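Chemist: Below is a structure I'd like to ask you about.
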Amino acid sequence: MDPLTTKVVVVIPIPNDPDWTIFEELSEAVPIIVCDDSDGKLSPAPRKNVRFFDYAAQERIMGKHYAAIPHKSAACRNFGHFLAYKEGFDVIIALDYDCRTRAGWLEEHLRALGPMAQAPAVAGRWINTVEQPGFYARGFPYEYRNADSTMTDTAVSGEVKLNMGVWDNVLDLNGIDKIQREPPKTPGLRGDTNYVALGMVPLCGMNTAFRAELTPAYFFLPDVWIGGWQLSRHDDIWGGYILKRLMDKRGDLLAYGRPVVEHTRQSNLHRVITIEHYMHLMAREFYAIVDAAMEAIRPGAYAEMFAAFVDAYRREVDRSAAPLHYRQGYRELGESMQRWAAAFR
């Protein structure tokens, strides 16, 4: 994909003033949309081409659909993706505010998108994007650990519409894994090319480029509270699972690997482990509900597929034998997805 002719925008959710120097390798000609999750407390950006949208600005733009935008979590980035989609950008890049870009970062993302002939691919039910032995990306299901032998190398042709770059320094692992033993500083990428994932991946939203047409189906799920316990850190993982299943319906491809950003900050591990707890407890039944709902979905435009999926998902939640308090959380997520789907009608 030609960076000179592609209309591209970077979307960054920011809860407090970042170190803007970590983006110095990103040209100021590239527009940045900041989803201001501080409610207007951020300082001005010391660079050009940055637009800030606090809650009031988001409400003006979203109107009656403002309730579709979560806040006080990384899922606040949904607003920036919605705005970029409505403004006609070709490619949206999701970037976290603590990820340092490097020279060639944007160009490498764009090169990874587009038609591919006989691209290297990995097949498997779940594919671990951290290739250091014994370590797994955040959200990788516990029941699929040590099952790497089920992953097989192959090749595939088609169009890559989403490319997930990974990270070094502070790897995006499950919090509890980081207290078991010292984690590596690099993800251990093999070879010199990206791989297409023919299976599910923990789709991290910290460093991801995607065609804007995916936006109506790429919803980062909000945090919910279940009996006073916060379900969190699932926003990109669970929303990404839904998107990947819909991409598979159309034969669109997802690649992962490069470009690598430096993840500069480790969040408080005690808090991370606590708020990830329900993600791991509830994930298996959530995926089962999603898989059942997908049976009714036929290939089409992403907005149409996602709306049909949400209807089917909500029916499957009501049929589920999951514990009552899990179903309450699933229902709340379904209501949030319904609001997102309505914003694109």
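The values are calculated or read from the model by the stated rules, or taken from the named source; none is laboratory data. Everything numeric in this text was worked out from a predicted model, so none of it was measured. Neighbour counts are summed over all protein chains in view; Cβ atoms, including those assigned to glycine, are modelled from backbone coordinates with ideal geometry. Surface accessibility is based on the protein's heavy atoms, side chains included, excluding ligands, DNA and RNA. Shrake-Rupley method; radii C 1.70, N 1.55, O 1.52, S 1.80 Å.
Chemist: Roll a 1.4 Å probe over the protein chains and send me the accessible area per residue for the chain in Å².
Modeler: Counting only protein heavy atoms, the per-residue value for the chain is 40 Å².
Chemist: Determine the shape class of the range 201-249: with a ≥ b ≥ c the square roots of the Cα gyration tensor eigenvalues, call it rounded for a/c under 1.5, and otherwise prolate if a/b is greater than b/c, oblate otherwise.
Modeler: prolate
Chemist: Give me the Å³ per residue figure for the convex hull around the C-alpha atoms of the range 81-146.
Modeler: Taking the convex hull of the Cα positions in the range 81-146, it is 181 Å³ per residue.
Chemist: Can I ask one more? So if I place +1 on the C-beta of Lys and Arg and -1 on the C-beta of Asp and Glu, and nothing else carries charge, what would the dipole magnitude of the chain be about its Cα centre? I want it in debye, nearest 20.
Modeler: Once rounded to the nearest 20, the dipole reads 560 debye.
Chemist: Along the three principal axes, how long is the range 190-300 when you take its alpha carbons, biggest first, rounded to the nearest angstrom?
Modeler: 40, 38, 24
Chemist: In debye, nearest 20: dipole of the range 29-131 around its Cα centre with unit charges on the Cβ of K, R (+) and D, E (-)?
Modeler: So the magnitude is around 100 debye.
Chemist: Would you mind pulling out the separation of the Cα centroids of the range 119-145 and the range 30-70, in Å?
Modeler: One Cα centre to the other: 34 Å.
Chemist: Taking the DSSP beta bridges in the chain as the whole, what percent of them are antiparallel, to the nearest 5?
Modeler: Taking every DSSP beta bridge within the chain, about 50 percent pair in antiparallel fashion.
Chemist: Still on this structure: Might you report the magnitude of the Cβ-based charge dipole of the range 208-323 about its Cα centre, with Lys and Arg at +1 and Asp and Glu at -1, to the nearest 20 debye?
Modeler: 160 debye
Chemist: Can I ask one more? Sum up the charges of everything whose Cβ sits under 9 Å from the Cβ of GLY205, counting Lys and Arg as +1 and Asp and Glu as -1, but leave GLY205 out.
Modeler: -2
Chemist: Right, here's the next one. State the percentage of accessible surface on the chain attributable to carbon and sulfur atoms; use a 1.4 Å probe and exclude ligands, DNA and RNA.
Modeler: 50 percent
Chemist: Further question: Please say if the range 1-89 is rounded, prolate or oblate, where rounded means a/c under 1.5 for a ≥ b ≥ c the square roots of the C-alpha gyration tensor eigenvalues, and otherwise the choice is prolate for a/b larger than b/c and oblate otherwise?
Modeler: oblate
Chemist: Add +1 for every Lys or Arg and -1 for every Asp or Glu among the other residues with Cβ under 14 Å from the Cβ of ARG47, and state the total.
Modeler: Counting the neighbours of ARG47, the net charge comes to -3.
Chemist: What does the accessible area of ARG181 come to, in Å² to the nearest 10, when a probe of 1.4 Å is used?
Modeler: Near enough 120 Å² of accessible area.
Chemist: Can I ask one more? Note down the net charge around ALA303, summing +1 for each Lys or Arg and -1 for each Asp or Glu among other residues with Cβ under 11 Å from its Cβ.
Modeler: -1
Chemist: Using the Kirkwood formula on the Cα atoms of the chain, what hydrodynamic radius do you get, in angstrom to one decimal?
Modeler: Result for the chain stands at 20.3 Å.
Chemist: So which helices of the chain fit the span-like rule, where a helix is a whole DSSP H run, its Cα atoms reach 18 Å or more along the axis, and its mean Kyte-Doolittle is at least 0.0?
Modeler: 269-294
Chemist: By the gyration tensor of its Cα atoms, with a ≥ b ≥ c the square roots of the eigenvalues, what is the shape of the range 1-160: rounded for a/c under 1.5, prolate for a/b over b/c, or oblate?
Modeler: Cα axes put the range 1-160 in the prolate bin.
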